[in-house]
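These notes concern the structure reproduced below.
The values are calculated or read from the model by the stated rules, or taken from the named source; none is laboratory data. Nothing here was measured: the structure is a model prediction, and the numbers come from that model. Methodologically, a virtual Cβ is constructed for each residue, glycine included, from the backbone with ideal geometry; neighbour enumeration extends over all protein chains shown.
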Amino acid sequence: GNSVTQMEGPVTLSEEAFLTINCTYTATGYPSLFWYVQYPGEGLQLLLKATKADDKGSNKGFEATYRKETTSFHLEKGSVQVSDSAVYFCALSDTGGSQGNLIFGKGTKLSVKP
Amino acid sequence: NAGVMQNPRHLVRRRGQEARLRCSPVKGHSHVYWYRQLPEEGLKFMVYLQKENIIDESGMPKERFSAEFPKEGPSILRIQQVVRGDSAAYFCASSLGKGTYEQYFGPGTRLTVT
């Protein structure tokens, strides 16, 4: 079945450091790919998405490119801020079920120190 | 401009009691998804509903769990005879449609079974 694997955390960075969180997926068909962010005590917020191969999603300085050849959707940001501290989830839309429910990775906790 | 509302935010139940979790989707959204997040895990899909219909319940345990989304009122996730393993955060998401439509998440209900 479809699945998402993302790098284990926690990840601790200093402010203004470069961020990469790896995400790879297994899927039949052509899923859409998403990154969600969860701040402490809150629900998930969509950060960015890509719906087809080679699409680049971007938002708030974060970006990720849908790579079909490597089945990856790595999240990157050039210069992180303390306010970026959160848990980041990679997800794909489940084409198998064709209902649009999302399949999530386990999440990567990011802590940014001043 | 209310987003997805969930209540209660925190719920404590003793083993054997019933838990009722409520979700009010974004106004105008008729698609609702329920997800469960166990500690240190990503979100797992449970059930997908449209108004008055269960579309996909493949992720929901066959026993003790039920969900509804009536014509009027919020969506309800009901857990009968709760056990300690039901302790988790339960998130509801709503969308305009299935597939690539963005899912908007609520803040979650954190259920603790004692």
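Considering the range A:35-50, the residues that are buried (at least 19 other Cβ atoms within 10 Å of the Cβ) and within 20 Å of B:TYR90 (Cα to Cα) include one that is modelled with the lowest pLDDT, namely A:GLY43. Every listed requirement among (1) free of Cβ contacts under 8 Å to residues at least 60 places away in the same chain; (2) surrounded by fewer than 21 Cβ atoms within 10 Å (Cβ to Cβ); (3) within 26 Å of A:VAL112 (Cα to Cα); (4) among the hydrophobic types (A, V, I, L, M, F, W, C) is met by A:MET7 save one, (1).
I want to confirm something. Restricting to the range B:29-85 and keeping residues that are under 11 Å from the mean Cα position of the chain (by Cα) and of a type in the set (Ser, Thr, Tyr), which single residue is nearest to B:GLN17 (Cα to Cα)? So the residue we want is B:SER66. Where strands (runs of 3 or more DSSP E) fall entirely within the range A:33-107, those with at least 2 residues that are touching a strand residue (DSSP E or B) at 6+ places or on another chain (Cβ under 6 Å) and of a type in the set (A, V, I, L, M, F, W, C) are at A:33-38, A:44-50, A:62-65, A:86-93, A:102-104. Taking the range A:78-100 as the range and being away from chain B (no Cβ under 12 Å) and crowded, with 20+ Cβ neighbours inside 10 Å as the test, the residues that pass are A:VAL80, A:ASP84, A:ALA86.
Checked against (1) in contact with a helix residue (DSSP H, G or I) (Cβ under 7 Å, 6 or more places away or on another chain); (2) surrounded by fewer than 17 Cβ atoms within 10 Å (Cβ to Cβ), A:LYS113 meets all criteria but (1).
For (1) in contact with a Cys (Cβ under 7 Å, 6 or more places away or on another chain); (2) in contact (Cβ under 8 Å) with a residue 40 or more places away in the chain, each residue gets a yes or a no:
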| site | (1), (2) |
| --- | --- |
| A:GLY1 | no, yes |
| A:THR20 | no, yes |
| A:SER32 | no, yes |
| A:GLY43 | no, no |
| A:GLU63 | no, no |
| A:GLU69 | no, no |
| A:PHE73 | yes, yes |
| A:GLU76 | no, yes |
| A:SER83 | no, no |
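Mind checking which residues of the range B:27-43 are surrounded by fewer than 17 Cβ atoms within 10 Å (Cβ to Cβ) and touching a Leu at 6+ places or on another chain (Cβ under 9 Å)? Answer for the range B:27-43, where residues must be surrounded by fewer than 17 Cβ atoms within 10 Å (Cβ to Cβ) and touching a Leu at 6+ places or on another chain (Cβ under 9 Å): B:GLY28, B:SER30.
From the list B:LEU38, B:LEU21, B:LEU77, B:LEU49, pick out the single residue that is touching a Phe, Trp or Tyr at 6+ places or on another chain (Cβ under 9 Å) and within 11 Å of another protein chain (Cβ to nearest Cβ).
Within the list B:LEU38, B:LEU21, B:LEU77, B:LEU49, the selection yields B:LEU49.
Residue selection: A:ALA91 fails the criterion of being farther than 24 Å from B:MET5 by Cβ and under 11 Å from the mean Cα position of the chain (by Cα). Residues in the range A:51-77 that are within 14 Å of another protein chain (Cβ to nearest Cβ) and surrounded by 21 or more Cβ atoms within 10 Å (Cβ to Cβ): A:GLY57, A:TYR66. Based on this model, can you work out whether B:GLN80 counts as in contact with a strand residue (DSSP E or B) (Cβ under 9 Å, 6 or more places away or on another chain), of a type outside the set (A, V, I, L, M), touching a residue at least 12 places away in the same chain (Cβ under 8 Å) and more than 27 Å from A:LEU33 (Cβ to Cβ)? It is true that B:GLN80 is in contact with a strand residue (DSSP E or B) (Cβ under 9 Å, 6 or more places away or on another chain), of a type outside the set (A, V, I, L, M), touching a residue at least 12 places away in the same chain (Cβ under 8 Å) and more than 27 Å from A:LEU33 (Cβ to Cβ).
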